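Below you'll find the structure, written out as structure tokens, and then a few comments.
No value in this document is a laboratory result; all are computed from the given coordinates. What you are looking at is a predicted structure, and each value in this text was computed from that prediction instead of being measured. Glycine gets a Cβ as well: all are built from the backbone with ideal geometry, and neighbour counts include every protein chain shown.
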Amino acid sequence: MKTYSAKPADVTRQWYIIDASEASLGRIATRAAGLLMGKGKPQFTKHIDCGDFVVIINAENLVVTGNKQAGKLYYRHTGYPGGLKTTALADKQVQDPAFALTHAIRGMLPDNRLRPERLKRLKVYAGADHKHAPQQPTVISMKDTK
């Protein structure tokens, strides 16, 4: 019996919607990363992009636990000596509601040549309305995960 390996032509992509106000940041990010990689599919192959499209809505109502609104910091560097800049999660949410989710999901995807293509299939919206209704996405409820 031979081992099955998916071919790029065999991949069929589905669309999923996740509501960011239903669960915490980490739970949403792990579920979205798994869908983008295609880990739940029986034809999953590590070196072929088998993942689906993921639409995340209500990013402005993102749920975080504990003191993460003030305590979770994002770092960037200007390139000059002493140029380390820090921004708290609460400030980033005001500037760009999609940043925290995109950053978390990007960190959960493997760092290889497939990551940019997988991130192109991630769509994050601040509000409840999106433009992907013609694709008839399947709604994934995150309320049942604790």
Q: Apply the Karplus parameterisation 6.51 cos²θ - 1.76 cosθ + 1.60, with θ equal to phi minus 60°, to every residue of region 115-123 and state each ³J(HN,Hα) to the nearest whole Hz, in sequence, with x for glycine and proline.
A: 4, x, 5, 5, 5, 5, 8, 9, 10
**Q.** Correct option for semi-axes √(5λ) of the Cα gyration tensor in Å [calculated from the coordinates] among (1) 29, 20, 14; (2) 34, 17, 12; (3) 21, 19, 15
**A.** (1)
Q: Collect residues whose amide H, placed 1.01 Å from N in the peptide plane, falls under 5 Å from the amide H of residue 16; neighbours closer than 5 in sequence don't count.
A: 53, 54, 55, 138
**Q.** C-alpha long axis of helix 99-108 to longest principal axis of the chain, angle in °
**A.** 50 degrees
Q) What are the residues whose amide H is under 5 Å from the amide H of residue 124, where those residues sit 5 or more places off or on another chain and H is modelled from the backbone? A) 56
Q | Loop sites in region 1-57: chymotrypsin sites (Phe, Trp or Tyr not before Pro), DSSP, at most 15 other Cβ within 10 Å | A | 4, 44
Q. By how many degrees, 0 to 90 and rounded to 10, does the Cα axis of helix 25-37 deviate from the longest principal axis of the chain?
A. 30 degrees
Q) Out of 48, 56, 18, any idea which swings most in a Gaussian network model of the chain, alpha carbons joined below 10 Å? A) 48
**Q.** For region 50-62, 3J(HN,Hα) per residue [Karplus equation, 6.51 cos²θ - 1.76 cosθ + 1.60, θ = phi - 60°, Hz, x = Gly/Pro]
**A.** 9, x, 10, 7, 10, 10, 10, 10, 6, 5, 6, 9, 4
(Q) With only alpha-carbon atoms in the gyration tensor, what are the semi-axes of the equivalent ellipsoid for region 31-114, in Å, largest first? (A) 29, 18, 10
(Q) For region 1-53, compute Rg over Rh where Rg is the Cα radius of gyration and Rh is the Kirkwood radius from the inverse mean 1/r over Cα pairs. (A) 1.07
